[in-house]
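Nothing in this text is a laboratory measurement; each read-out follows from the coordinates by a stated rule. All values derive from a computational prediction rather than experimental measurement. Reconstructed Cβ throughout: ideal geometry from the backbone, glycine too, with neighbour counts over all protein chains shown.
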Amino acid sequence: MDDTTSSSLTVGDGSVGVIGNGNDIDLEFHPFQMSILHQVCKAIMESDISVTPEDDYSLKTNSNWMKKFEYNKVVAYIDIFDDEAPDIDQLEEVMEGFPNRVLMINKIKHIYRMVAKESPESEFDGDFVLETVFKDLCKVIDESGLPADDQTPLEQMERYIKLVMFYAFTKCQLLKPVDN
């Protein structure tokens, strides 16, 4: 079978097969937009989330990531964070433009601590906690008025929020540290 290429879909060898009648496939590519990521970070930093001393950044809570996922009973967010990992350098580049980068991490940690406090130790579900943090961050972004235009897809905003969460995780400020 020879390959045929259209403007948005490749068919033939090496393509994704769709079986059946009447299938309509519309693939959209949303390029990485650092300006929108910058707006997401800024909205979190400027939010009215109060930060307490317990939210301070500390390297002492640094754990092996996979052990930390297992310890916190995380399954779904492993793949989500793995999908975001390649873009961490772009987020760090955006973060260089902020004089107080740690503030964003502290605010995310504060949200996490409030959510985790409501989850009984014996029933702690890391995926549920992370999803709740994600939803709370979505509310922060929504209340900030982002996106400012109708051209930015919701999926792209959600992706940037998950990238910011992964960034906070890499700084070991999301989820309980593994007992040493």
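Using r as the Cβ-Cβ distance of residue 73 and residue 48, and R0 as 22 Å, what FRET efficiency do you calculate, to the nearest 0.05?
0.10
Could you give the size of the charge dipole of the range 33-170 about its Cα centre, using +1 on the Cβ of each K and R and -1 on the Cβ of each D and E, expressed in debye and rounded to the nearest 20?
Result for the range 33-170 is approximately 480 debye, rounded to the nearest 20.
Tally Lys/Arg at +1 and Asp/Glu at -1 over every other residue whose Cβ is under 9 Å from the Cβ of residue 159; what's the total?
-4
Could you list 171, 176 in order of exposure, starting from the residue whose Cβ has the fewest other Cβ atoms within 10 Å?
Placing the least packed residue first, the sequence is 176, 171.
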